[in-house]
Every structure is written in structure tokens, then in C-alpha cells.
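What follows is a set of notes on a single structure, which appears directly below.
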Amino acid sequence: MSLTEAHVRYPVYDLRQARKAAARGAAAQPQVLTPIVPTHSVAGRALLGVIAIMSFLASLTLGAVVLVRTSAGDWQSQVSREVTIQVRPVDGRDIETEVNRAALIARASHGIAQVKPYTKEESLRLLEPWLGSGLAVDELPVPRLIVVTIGPGARPHLEELRKALSEQVAGASLDDHRGWVERMRAMTRTAVAVGFAVLGLVLFATVLLIAFATRGAVATNRGIVEVLHFVGAKNRFIAGQFQRHFLELGLKGAVLGGGAAIAVFLLADFAAGPPADTAGAQEMAALFGGLMLPPEGYAGIVGVIVLIAAVTALASRWTVHRTLDSLD
């Protein structure tokens, strides 16, 4: 067989022509850069939902803590500026005279800004939330109350006032509410501690969740990670890819959960009307202040969103580094 026949039966392609043809084909096809971790997967959507739920619970917890702390602080400040004089009916004494004498003694005391004696009708009206209206309570020995307001920054001599009342007014007693204030402070501290403990548990659960999800993502893409290791990719580059993916995922979930919590507080503030005329409703309104979250509460929820996104990114990076170190 001649050389010409060999060229006809077995054509010899020029390497330069083949490279040019490959370059033309590569230029004709659009180049799509795919991330190491798939962005739209069933596991990713499930993780997004779980992070959103965790963020919602954490934001609700923080908002409740801020509500309790702010309302309790306002209540304590108001109660600590007031003392109450109670005048009980005594046989052989005119209660109206005793009430007026107690009011005069209180007005003459140091540091007192205002003295308001309650009439008989006002005192009976205070009992209506517990006893109901329309009851014949005229024969009951209902005590009369005098609300004494302490001046701003003043330090009244309450012991001297208590002694003067006991000596000069029959059936009079002074209550400075210190016991109630201390119990309210203890309850507030307990509620705040429980709230922050729940918030810490939610963040810890989020870290564990991201760690397991990151290990699963690394295991799923183990072949790609090993190829990148083989071609010389640094651990920092590979960890950065996973961190970017989970940071975006955590930020989306945190925004969804935190936004839902903000919507809940706004809706509760909008839907909360005037408190019902019951003792329980009035106490709840006094404790929580009508469920109106102050601005620092909304700022705290934004901080929770940023914190969960940062925790998600850092937890994924730490997990990837530990996993890659085991491959070396």
C-alpha cells in the first residue's frame, strides 16, 4: 500500500487544527460556573426551614424577655414612688375623721408630693373586679385607702410617718410595698434568666444542626473535595465555599424567622385593645404593658438575625476545617 493510499484510508489530523476546532467549540458554548455545594436542593430547603423556625423561636424569646423586663421596670419605678395608708373601721370612731387626720399627717411628712384619700364609693369600686358589682357591701368593714406619692428624688422618713399614724390615727397602717417590689424583682430576674437560657439553647441547637448539615454536604461532595485537594486547592478555599453557602442559607432563614417574629409583635400590638374589666386582665396589662415591644426589642431581634447568620457561617467553616484535616 502506497503512502497516498494510507493517507486516504487513515487520515492524519493536524494537532493545531484540532486545538483550533476545540477552542471554537468551547467559545460557542456558554461557560456555567457551578458551586461546590448545590444551592437548590431538598436538604438545603429543609435546612432553610429549620433555621427560620430556630430564628423565630429565638426572636420571640428575646422579645418576651424585653417586654417583661421593661414593663416590670416601669411597674417597680411607679410602685416604689407610692405608699399606701390603710384606715380600718374602729368601733366608736368616725372613719371620715380618722381618714382626714391621716391625710393631714401624711401631707406634713417630709418628701411627700401628693396625698389622695379614696372616698367610700371609690374604695368599693376597687373591690368590684373581685366581688362583682351590685353587691350590698355597706355592712362590711371596708377599709379606706390613702395613696401617698413620694416626690422625685426625695427620701421620706417612712418610719416616722408609720409611728405617727399608729399613735394618732385609730386603725391606721402604712404599707410601703417593699415586699411586692422585691418579689417582682425576683420574678423578673428569674424570667430574664430563663429567657436567656432558652435563647442559648436555641443557638446551641443551631450550631449542632449546621455542623451535621455541613458534614453531610462534605460527605455528599467528597469526590469533588478530593479532586480539589488533588489539584492543589487549599483548605481555606474549600472552607470558604462551604462558608459562603451556609452564610447565605443562614441569613435567609434568619431573616424569614426574625421577620415573622417582628410581624407577630406588630400584630399583637395592633390587635391589643383596652384591657378587659377583670382583675386578671388588668394585672396582665400592668405586667406586659399592652404587648407593645419597645424599639430596643426590635433592635435585639435584628441582632438575633445577624447572630444566627454569623453562627451558621462560623459553625460550617469550623466543621469543614475539621473534616478536611481528617482527609490530609
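Just so it is clear, none of the values below were taken in a lab; they were calculated from the coordinates. These numbers come from a predicted model, not from an experiment. All Cβ positions, glycine included, derive from the backbone under ideal geometry; neighbour counts span all protein chains shown.
Computed FRET efficiency, Cβ-Cβ of GLU296 and HIS110, R0 41 Å: what is it to the nearest 0.05?
Values: r = 37 Å, r/R0 = 0.89.
Given R0 = 41 Å and the Cβ-Cβ separation, E is 0.65.
If I model a spin label at ALA260 and THR84 as a point 7 Å from the Cα along the Cα→Cβ vector, what separation in nanometres do I get?
For the pair ALA260/THR84, the computed spacing is 4.3 nm.
How do SER123, SER59 rank when sorted from fewest to most other Cβ atoms within 10 Å of their own Cβ? Could you put the intermediate results ahead of the total?
Values: SER123 15, SER59 30.
Least crowded to most crowded, the residues run SER123, SER59.
Please list, in order along the stretch 237-244, the HN-Hα scalar couplings obtained from phi with the Karplus expression 6.51 cos²θ - 1.76 cosθ + 1.60 (θ = phi - 60°), rounded to whole Hz, x for Gly and Pro.
5, 5, 5, x, 5, 5, 4, 4
How do LEU140, LEU161 rank when sorted from fewest to most other Cβ atoms within 10 Å of their own Cβ? Walk me through the numbers before you get to the answer.
Values: LEU140 12, LEU161 23.
Least crowded to most crowded, the residues run LEU140, LEU161.
With a 10 Å Cβ neighbour count serving as the proxy for reagent exposure, in which order, fewest first, do PHE56, PHE242, PHE212, PHE230 appear?
Numbers: PHE56 21, PHE242 25, PHE212 13, PHE230 8.
If I rank by nearby Cβ atoms, fewest first, I get PHE230, PHE212, PHE56, PHE242.
Roughly what would the spin-label model give for GLU122 and ASP269, points 7 Å off Cα along C-beta, in nm?
Distance between the two pseudo-spin positions: 3.3 nm.
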